[in-house]
1. Among residues belonging to segment 140-151 that are of a type outside the set (Val, Ile, Thr) and out of contact with any Phe, Trp or Tyr (no Cβ under 8 Å at 6 or more places or on another chain), point out the one that is most open to solvent (accessible area, probe 1.4 Å).
2. For the subset of segment 141-191 comprising residues that are in contact (Cβ under 8 Å) with a residue 12 or more places away in the chain and of a type in the set (S, T, N, Q), which member is nearest to residue 250 (Cα to Cα)?
3. Restricting segment 235-251 to residues that are within 13 Å of ligand 2 (Cβ to nearest atom) and open to solvent by less than 80 Å² (accessible area, probe 1.4 Å), which is farthest from residue 142 (Cα to Cα)?
4. Please specify each residue of segment 29-68 satisfying the condition of being touching a Leu at 6+ places or on another chain (Cβ under 6 Å) and within 20 Å of residue 139 (Cα to Cα).
5. Can you name the number of the only condition in (1) part of a strand (DSSP E or B); (2) within 19 Å of residue 147 (Cβ to Cβ); (3) among the aliphatic types (A, V, I, L, M) that residue 33 fails?
6. Return a yes/no flag: does segment 107-114 have any residue that is within 14 Å of ligand 2 (Cβ to nearest atom) and either open to solvent by 10 Å² or more (accessible area, probe 1.4 Å) or not charged (D, E, K, R) (or both).
7. Is it true that residue 154 is at pLDDT 95 or above, crowded, with 17+ Cβ neighbours inside 10 Å and not aliphatic (A, V, I, L, M)?
8. Those residues that are more than 13 Å from ligand 2 (Cβ to nearest atom) and acidic (Asp, Glu), I need them from segment 252-284; list them, please.
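The values are calculated or read from the model by the stated rules, or taken from the named source; none is laboratory data. Every value quoted in this text rests on a predicted model; they were computed, and no experiment measured them. Every residue, glycine as well, gets a Cβ built from its backbone with ideal geometry; the counts of neighbours run over all protein chains shown. These area figures cover heavy atoms from the full protein model, side chains too; ligands, DNA and RNA do not enter into them. Shrake-Rupley method; radii C 1.70, N 1.55, O 1.52, S 1.80 Å.
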Amino acid sequence: MKEIKKIAIVGLGAIGAIYGSKLLEINPDNFKVIANEARAAKYSKEGLKINGKTYYFNCVDPKEKTEAADLIIVAVKHHHLPQTIKDIKNHVGPETIILSLMNGISSEEILGEEYGMEKVMYGICVGIDAVRTAAEIQCSTMGVIHFGEKVNKTYSDRVEGVKQLFEKAGISYNIPEDIMRALWWKFMVNVGINQTSAVLKAPYKVFQEVKEANELMMATMKEVIALSKKERTNLKDEDLDSFRDILNKLAPDGKTSMLQDIEAGRKTEVEMFAGTICELGKKHGIETPMNEALLKMIQTLEKMNEKY
Ligand SMILES: NC(=O)C1=CN([C@@H]2O[C@H](COP(=O)(O)OP(=O)(O)OC[C@H]3O[C@@H](n4cnc5c(N)ncnc54)[C@H](OP(=O)(O)O)[C@@H]3O)[C@@H](O)[C@H]2O)C=CC1
Ligand SMILES: CC(C)(CO)C(=O)C(=O)O
């Protein structure tokens, strides 16, 4: 197994900053943030306050020719992926592992189309309640990174390398045997809670306490379960229950990444959530009324943010 020494991250927002700060602490000389000049000015000159402590990150411009990284972590929003793929080019070598921590079921394949699936590692973060404001990035729980190859009956050398790194950094992880099922499970969660929270402007406590909000979220998630059966990723109704425990541990005043986007006037990942569900619904002849409505409502909220 090759030890992972040179690490690069792209995307120092809620997720990237939380895990990035852990990796910077154990590897200050070999941890770089791929960022253009404007972003670099924020991260390295002014520093970034993460859970009460200010971190100064070493940045490298995407245009700079540099040594290939052993590991590149991708933690951007879905619509930033096309530019991100260009920006990591100078860091990708023959043995680089590209690990996506992005929500959704497609970022890995999109990265793989450019760099080859043999370089890509699947990943998602479960149970983290990271919130990004202009002043600080905070979380009350860091959750668990689920990662691995498509099938993990035994662990590949690459998986062993990332596992060892996370252990050293104190990052909790899980290596599911069937990663596509894990990605779909997280997708179901996001399609449910991210979208309904964005429309209701509801922090986690609303879903923890208000029956009607919870029912809306669950009805939206059930559309994912119906499609998962067709796509052979085999989610079941029982999979709804495993989110209940995680939800109850999230900070009551915490907010989903999509609600944070709406409140900050940023574009959301709605096309990657409801948009994907509506397309898959058409493909399989399954009705997806909750997602059709949420798609239109969230696109309206985005336009209202732009216009009014
Ligand atoms: N927030 C959460 O609790 C969770 C989020 N996720 C998922 O993780 C992913 C990231 O989300 P999150 O961290 O919340 O997103 P944020 O919007 O907080 O952060 C994304 C960051 O990426 C930066 N970025 C975008 N494009 C580039 C680029 N080309 N080069 C360098 N930096 C870039 C943005 O910079 P700038 O602001 O300057 O544009 C921003 O800092 C998403 O897929 C999300 O769904 C998963 C689990 C939980
Ligand atoms: C599950 C949840 C809501 C928190 O980890 C998330 O993934 C997000 O905010 O995007």
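1. In this case the residue turns out to be 140.
2. That would be 141.
3. Looking at residues that are within 13 Å of ligand 2 (Cβ to nearest atom) and open to solvent by less than 80 Å² (accessible area, probe 1.4 Å), I get 242.
4. 43, 55
5. (2)
6. yes
7. Taking the combined requirement at face value, the residue does not satisfy it.
8. Within segment 252-284, 253, 271, 279 meet the criteria.
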